[in-house]
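The values are calculated or read from the model by the stated rules, or taken from the named source; none is laboratory data. Computed from a prediction, not measured in an experiment: that's the story for all the values here. All Cβ positions, glycine included, derive from the backbone under ideal geometry; neighbour counts span all protein chains shown. Only protein heavy atoms, including side chains, enter the accessible area calculation; ligands, DNA and RNA are left aside. Shrake-Rupley method; radii C 1.70, N 1.55, O 1.52, S 1.80 Å.
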Amino acid sequence: MIEFVLDSRSKVNTYMQLVQQVKQALRVGLLMPGDQLPKVRDVAQSLAINPNTVLKAYRELEIEGLVGGRPGVGTFVTRTLAGASLPNQAELREDLVAWLHRARSAGLTPEDVTALVETTMRAALADEAQQKEPA
């Protein structure tokens, strides 16, 4: 089951942080169709947020067709976002964990790591797009 974590420094709305975390879990195979999301009341209590915030996130996911509510039972995943690359993710995750340990040992903060990953990814994708363009 997914455990939500909120970033109080984030400029992203609380409900959208929940939505993003569910989508990430769906993308990497941590949540699969049939899995139940945590009860609204439990999420609200553990994160010290208003239950309406959790309901809003779950409604957003339902509108997108990713989950479905069953009255009196809970909210369940109806489809996944995991692609064909899912089987390759375990090995890549191990490599990433090793790299993160090296980055932390080198003195990088979590914010430094995020900045490095995001800027490197943007640059790599831009290079890839340029190489695909006809000359």
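The figures follow:
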item	result
Among (1) in a helix (DSSP H, G or I); (2) among the aliphatic types (A, V, I, L, M); (3) closer than 17 Å to P33 by Cα, the one test that V54 misses	(3)
Contacts under 6 angstrom Cβ, first residue in segment 20-43 being closer than 13 Å to F76 by Cα and without any contact (Cβ under 8 Å) to a residue 60 or more places away in the chain, partner part of a helix (DSSP H, G or I) and of a type in the set (A, V, I, L, M), 6 or more apart	V22/L61; L31/A25; V40/V54; V40/L55
Count - residues of segment 106-124 that are assigned to a loop (DSSP other than H, G, I, E, B) and surrounded by fewer than 12 Cβ atoms within 10 Å (Cβ to Cβ)	3
Among (1) assigned to a helix (DSSP H, G or I); (2) aromatic (F, W, Y); (3) touching a residue at least 12 places away in the same chain (Cβ under 8 Å), the one test that F76 misses	(1)
Subset of segment 54-67 [surrounded by 15 or more Cβ atoms within 10 Å (Cβ to Cβ) and more than 14 Å from Q20 (Cα to Cα)]	L55
Subset tally (residues that are at positive phi and open to solvent by 40 Å² or more (accessible area, probe 1.4 Å)) for segment 68-87	1
Selected residue [open to solvent by less than 90 Å² (accessible area, probe 1.4 Å), hydrophobic (A, V, I, L, M, F, W, C) and within 27 Å of M1 (Cα to Cα)] from A103, A90	A90
